[in-house]
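Worksheet for the structure shown next.
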Amino acid sequence: MKGLYYFLFSVIVIGSLLVYFKIQRDLKLENPNLTDLATEPDLLMNTADKNFQDNKSIRAINFLEDAIKMMKLLEKDGDSISIEAIEVAIYDLQVVENHIKAEDISEELMYEAFADAMNSLAFASLRISEVFIREGKEEEARVTINHAMDHLQNSIYFARGEQKESEIKIAGHLQRVIENHLESDISEIDFVMAEIDSLVKAHVIQ
């Protein structure tokens, strides 16, 4: 009899855990830009890069495809402007993917696309933070602004040459916005977004 009780207890505990994790997953998917999913494309592209450097092209492509899927999930939170920015980045990443498959990819092309993908995500995060600021949701705005900074830091990692210098300048500008507690000053955030937008448009892959 005790064995039956233990079995039923285990079923109840496991069932409760499954329900809990499903609820947590649904909450993440409802607004992924407020969770750790926001920086998932960064990790996936970083892993794709490492596999590419290890001459593991198939694995690199798989991680790149996962990054694109995650970016499509994140863009659901955005408005028409941020969605357009992410779509441009997705197109560039698909170009890179095709070049890797054809074995004629250059590192310069790949890193340029990766850096611009990070910029596009940063741009989208800041657009979302603006909405939160207007709604008086300071904590949510802080989270999305910090995600934007994470994306910009990763764009610096991927960028090369003059693009890296521009990335450092933009990240420094946003860092000053954060340190000076100007999250509520939308004009400052708008200025950073304009810098990012200009940089991305200068490196769109034809």
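The values are calculated or read from the model by the stated rules, or taken from the named source; none is laboratory data. The structure presented is a predicted model; accordingly, all values stated were derived computationally and were not measured. No Cβ is skipped: glycine too gets one built from the backbone with ideal geometry, and neighbour counts run over all protein chains shown.
Things worth noting here:
- Restricting region 51-77 to residues that are among the aliphatic types (A, V, I, L, M) and more than 16 Å from the chain's Cα centre (by Cα) leaves a set whose member that is surrounded by the fewest Cβ atoms within 10 Å (Cβ to Cβ) is 58.
- In summary, residue 166 fulfils each of the numbered conditions (1) in contact (Cβ under 8 Å) with a residue 40 or more places away in the chain; (2) part of a helix (DSSP H, G or I) with the single exception of condition (1).
- Pairing residues of region 59-82 that are within 14 Å of residue 96 (Cα to Cα) with residues that are aromatic (Phe, Trp, Tyr) and crowded, with 20+ Cβ neighbours inside 10 Å, at Cβ distances under 8 Å and at least 6 apart in sequence or on separate chains, gives 60/52.
- Residue identified as within 19 Å of residue 196 (Cα to Cα) and loosely packed, with under 14 Cβ neighbours inside 10 Å among 129, 80, 106: 80
- Selection of region 166-181 for residues being acidic (Asp, Glu) and more than 19 Å from the chain's Cα centre (by Cα) yields only 179.
- Residues of region 91-110 satisfying the condition of being assigned to a helix (DSSP H, G or I) and out of contact with any Asp or Glu (no Cβ under 8 Å at 6 or more places or on another chain): 91, 93, 94, 95, 96, 98, 99, 100, 101, 107, 108, 109
- Filter result for the condition that a residue is of a type in the set (Lys, Arg), assigned to a helix (DSSP H, G or I), modelled with pLDDT under 90 and under 23 Å from residue 152 (Cβ atoms), over 76, 22: 76
- Taken together, 118, 149, 70 contain a single residue that is in contact with an Asp or Glu (Cβ under 6 Å, 6 or more places away or on another chain), of a type outside the set (Val, Ile, Thr), closer than 13 Å to residue 38 by Cβ and assigned to a helix (DSSP H, G or I), which is 70.
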